Every structure is written in C-alpha cells, then in structure tokens.
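The values are calculated or read from the model by the stated rules, or taken from the named source; none is laboratory data. Quick caveat, the model's predicted, so the values are computed rather than measured. Cβ atoms come from the backbone with ideal geometry, glycine included; neighbour counts cover every protein chain shown.
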Amino acid sequence: MIRRATAVSIVLLLFAALGAPAPAHADEIPYVTTPNAVVDAMLSIAGVGARDHLIDLGSGDGRIVITAAKRFGTRGVGIELDGELVARSRENAAREGVSDKVKFLKQDLFASDFRDATVLTMYLLPEVNQDLRPTILFELRPGTRIVSHDWDMGDWKPDGKQVIPTPGKTVWPMEQSTVYLWIVPARVAGYWRGTLAGPDGEERVAIEFAQRFQETSANVWLKRWAMAGAGRIHGNRVSLRLDRSPWKPGSAPLRFTLQVRDGRIEGEASDGQERFVLRAKRVVN
C-alpha cells in the first residue's frame, strides 16, 4: 500500500509511471489504498496459506495482512511508518478477530528486518522496489514469494503477472492494476566440484554456473569432455538442460532437476532407461 494520498503524492506517482526520477525515502511514499480485488489477486498469485509468514511493507490500514489471516489463517506482520495507520490497523484486526495472528509495527521499512517472511507484499514506488531489491535477493530465503502491486523490479523479470480491472482506483488515470510475482532464487553462481554417475560409472566433474536472477547457464567439465547448458532457478530448485552431443554425438540433452541446499547441489536426469545423478559442492562463489 502506498502512503499519504495528497495531490503532491499523486503527481509523484504519475512521474514515476512515466519513468521520471523521484526520491526513494520511506516517509515520501504516498498512501493509496489497495483495492480489495487487488488484495485478493496478490494473495492468490502468491499461493498464501496457513503455514506462511506474510510481511506487508507499507501496510497502511492493514487489509492485506488481515485478509490473509482471516481467510487462510496466515500469520502476518504489517510494517508502516504512519502511527495513525498502525493504530487503525490494530483496531481493524481486533474487529475482524485476528489480533492473535497479526501484528503491526511502526517502523521505517528500510530499517526493518523481514528475513523471516515466506511471502512479502508491497505497494510502494518503482525506485523503492529497486532500493529493496538487494535485500530481497541476498537476505531472503530462496523460495520466498515477493508480490508487488503496480510496480516491477526493473530488469529482474517477474515469475508471474496478472492484470486486474480496477475502475474505482483512486490513482488517476489508472483504471487497472498489475500484480507481479517473483520467487527469490537460490544463488548458484560460482564454481562447484563433484561427481556425475551414469550407466558407464561415476566420473568427477567441475561446474561453472553463471546467473542473472532466476536464469542460469552452466559449463560442466568431465575428464575428456565438456557439456554446456542453461536453465531456470525456482527457489531452491534448478531445472538445467545440458547438451551432451560433444560427449555422445546424437544424444538428446540431459534435463536435470537439481536441489540447492547448504552449499551443495544434487539431482538427476533420465534418458530412457539411463539414469544420471549429479552431485557437487560449492568451492568458489
């Protein structure tokens, strides 16, 4: 939710929509209410459930956190700089009977710790999203779902997107809302060493991963051959397609499903009756 709905704030929003620079300070983010249809879409695209911990940055009147708690039993925290809105959120939570599941904190979002979130929601401004991006990518756990109303993350492409008609939206002249979803990707870039086991036995391998957000490419070196490929990262899971034609001409690519955890990567690929298992440990970031 955006803070402080004044005429100046609306002008700032319009400049932001046109790509003009604007300051990225928490106390200058205007307050604009998130329509209920957009709240529903944000919770839906994130797949929010009872086991989630939802944190809403710039929580306004608390409606996202409260709706998630009431509908799904989700634990939640709203972070809001405006003390009057924090008080209103607490009153709203009590009225809806979810005070035991949610809390609202009067904090600057740039000074807040939201590393425990499994879902992070926000309705901020483009430059604020960009300023938050390093924290999201490097401090939140892989698999955390990030949902933003209207504003994207620059060149970090979303994993999902939905456009919702909102004819009653208060930010003129917008009559629709866009909801974006990102899944925080595991960090795989760097060098790894391990083994590749297949029908012909086990062989030592070295792997170099390059990464740009959720996209990755890899070079895999065996004793006499090398394979190259590309893939996509979804949380801790990596889908990797490796071209093995230099190793076995005419063979189909190997499509690995890998899991990344605690500095290790492991998974397998199948080609008909043949099964390949790749295991490696990070050696250089």
Considering each of 181, 196 in turn, give the residue that is in a strand (DSSP E or B) and either more than 30 Å from residue 42 (Cα to Cα) or among the basic types (Lys, Arg) (or both). 196
For segment 134-143, check the following and say yes or no: at least one residue is touching a Ser or Thr at 6+ places or on another chain (Cβ under 6 Å), under 22 Å from residue 44 (Cα atoms) and in contact (Cβ under 8 Å) with a residue 24 or more places away in the chain. no
Counting only strands (runs of 3 or more DSSP E) wholly inside segment 105-176, the ones holding at least 1 residues that are of a type in the set (D, E, K, R) are 145-149, 160-165
Residues of segment 226-262 being part of a loop (DSSP other than H, G, I, E, B) and closer than 24 Å to residue 157 by Cα, which ones? 235, 236
Please name all residue pairs, on different chains or six or more residues apart, with Cβ atoms under 6 Å, provided the first residue is in segment 49-71 and is in the same structural domain as residue 147 (by TED's automatic domain parsing) and the second residue is outside any loop (DSSP other than H, G, I, E, B) and of a type in the set (S, T, N, Q). 56/121; 61/89; 62/89; 62/92; 64/121; 66/92
Single residue of 179, 220 found to be surrounded by 13 or more Cβ atoms within 10 Å (Cβ to Cβ), outside the structural domain of residue 135 (by TED's automatic domain parsing) and touching a Gly at 6+ places or on another chain (Cβ under 9 Å): 220
Close pairs (6 angstrom Cβ cut-off, 6 or more residues apart or separate chains): over 15 Å from residue 72 (Cβ atoms) in segment 92-104, modelled with pLDDT of 95 or more and among the charged types (D, E, K, R) anywhere: 104/90
Filtering segment 263-285 down to residues that are modelled with pLDDT of 95 or more and either assigned to a loop (DSSP other than H, G, I, E, B) or of a type in the set (Asp, Glu) (or both) yields 263, 266, 268
